[in-house]
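For reference, the structure is listed below as structure tokens.
The values are calculated or read from the model by the stated rules, or taken from the named source; none is laboratory data. Model, not experiment: these values are computed from the prediction. With ideal geometry, Cβ positions are generated from the backbone for all residues, glycine too; neighbour counts draw on all protein chains shown. Remember, those area values only see protein heavy atoms, side chains included, never the ligands or the DNA or RNA. Shrake-Rupley method; radii C 1.70, N 1.55, O 1.52, S 1.80 Å.
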Amino acid sequence: MLGCHDFCGYYDWTFHFIRREFGEAAVQSLWADAIGQDSQRHYIELGLREGLKGLFEAWRQTGEDEQCDWTFTLDAKSNVLRWDMRKCPSKGFLLAHDLNADEDYCDHCMGWESSMLGSLGLRMIRHEHNHSGQCWGEMTLAGTEPAELTLEADIRKDPRWQTGFVERFDRHIKLPVLGQPGGQSDWVAVLAGAMAGERLVILGRGPSVRDLPSAAQSGSRLLVTGSAYASGEQWWKSPDVVLVNSPVDDTLLAGISARYSQAGSEHRPLLAYAYLPSQPPVAFPNYGLPRPVPILPALIRANLYVHDPRGPFPTTGVFLALLGAAVSNAREVHIAGIDGYAHPSGVTYAHGVGPADATWQPEHSPEVDQSALARVGAHLGSRLCFLGSGPMRDRPESQP
């Protein structure tokens, strides 16, 4: 028999499978119908009998059964039912077991709750989640506009709220992810906008970065690693996207923050990060940085990345290459500086700035990088010019 949390891994895989095989509308239907109307019918029955009070009692019992670390608040005067989740057992199960099959597991809560509440004449008027196991939401009677509750239990007062990347909903509608009016509500579209252009250049830190022809630089969008950005390396232009390295440390974040804060707003790159479930949560705002844009949704949607629980993951330069292949529609994609510590010159870093004992760390492997680069090559085809070391260097279209 499955425990009350064990099904979460199956949920995650099922959402991805349905989304990949049948599209976004199909997974939305799964959430609304199979979950929101069928498997959660006990909430509907209680809500029909007792309204918000019935849901309040039901969710309090669910919290005890599933060992939720949360607070439920019923404000009868304003007809608002609110929760503040400090440690979600469902997302927590995935984080604890290094699972990330679907591009957005947390969205399923809004998917089924919106359907269920609609059956009761209610609606979710406000909701936010940070993909790190913390979230909050307020539901009320349809057609009413109560003010947001002011509570000591507000999860946004908890230091853990500063981790992860936040998505917001207003009356069941997902808001622009960067908080800009009229902006994109999809992370993949945000990344695509930052990389839109005829030419894309992706730079690792290996010596082959020096082989990049000057013609490739003209009118290009530039992607670089967080370690290169933090170390002060200079390019012919300001980078458009900086991918923060995984694993991350205080020194790296301090270096990125210093350069980012000193740059004028027109020269600040879009920060991105993998948010791998195996890595400790990072409170980027504590370093004076915006929360980076997640890259895994783009890689998973393009079928270029399958997360291997407890296994090694790509190096940052290779993650950049995967991101470029997943998102960019550029006519030319130039990749250089990804040498796997195996450049014929024997030099490790093009600019000599890096750890003296650079080698493969336990979280990475040459096999994982080579497999990922092979997928990049197959996906980009003749659009790719690869200047790094290794098997891809011999591809006919890889010659400059």
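What the table below lists for this structure:
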| read-out | value |
| --- | --- |
| Candidate values (i) 25.3; (ii) 18.2; (iii) 20.7, label of the one derived for mean projected area of the Cα convex hull in nm² | (iii) |
| Nearest-ten-degree value, helix 366-380 long axis tilted from longest Cα axis of the chain | 90 degrees |
| Solvent exposure, largest accessible area first (probe 1.4 Å, DNA, RNA and ligands not counted), of Arg301, Arg19 | Arg301, Arg19 |
| Label zone at His351, where the point sits 7 Å out along the Cα-to-Cβ direction: segment 191-213 residues whose backbone N lies under 19 Å | 201-213 |
| Peptides 253-266, 275-288 ordered by average Cβ neighbours within 10 Å, highest first | 275-288, 253-266 |
| Whole-Å distance, taken between Cα centres, linking segment 151-206 and segment 221-274 | 17 Å |
| Carbon/sulfur fraction of accessible area - segment 249-398, other protein chains in place, 1.4 Å, % | 52 percent |
| Under 5 Å, built H, 5+ apart or other chain: amide partners of Val282 | Gly164 |
| Cα-based helix-to-principal-axis angle, 7-22 vs the chain, degrees rounded to 10 | 70 degrees |
| Reachable lysines from Lys77, criterion Cα separation under 23 angstrom, eight or more residues apart if same chain | Lys53 |
| Additional length obtainable on full extension of the chain from Tyr10 to Glu363, 0.36 nm per residue less Cα span | 124.6 nm |
| Average Cα contact separation per residue, segment 1-144, under 8 Å, 6 or more apart, as relative contact order % | 28 percent |
| Within-12-Å neighbourhood charge of Arg205 [Cβ basis; K, R +1; D, E -1] | -1 |
| Mean Cα-pair separation over length for the chain, i.e. relative contact order, pairs under 8 Å, 6 or more apart, % | 15 percent |
| Mean residue ellipticity (222 nm) of the chain, computed from DSSP H runs ≥ 4 via -39,500 (n - 2.57), nearest 500 | -9500 deg cm²/dmol |
| Environment charge at His127 (Cβ cut-off 11 Å; Lys +1, Arg +1, Asp -1, Glu -1) | 0 |
| Cross-link partners of Lys87 among lysines (Cα-Cα below 23 Å; sequence separation of 8 or more within a chain) | Lys157, Lys174 |
| Cα-based shape type of segment 236-342, given that a ≥ b ≥ c are square roots of the gyration tensor eigenvalues and the cut on a/c is 1.5 | oblate |
| Label-point gap, in nm, between Ala189 and Glu266 - each point 7 angstrom along Cα→Cβ | 2.7 nm |
| Where labels lie 7 Å past Cα in the beta-carbon direction, separation of Gln279 and Ser238 in nm | 2.4 nm |
| Taking segment 158-215 and dividing mean pair separation by its residue count, relative contact order in percent (alpha carbons under 8 Å, at least six apart) | 14 percent |
| Calculated FRET efficiency for the pair Arg41/Tyr341, C-beta based, R₀ 56 Å, to 0.05 | 0.50 |
| Spin-label zone in segment 269-295 - amide nitrogen under 18 Å from a point set 7 Å from the Cα of Ala96 along the C-beta vector | 277-281 |
| Per residue accessible area in Å² of the chain, where ligands, DNA and RNA are left out and the probe is 1.4 Å | 44 Å² |
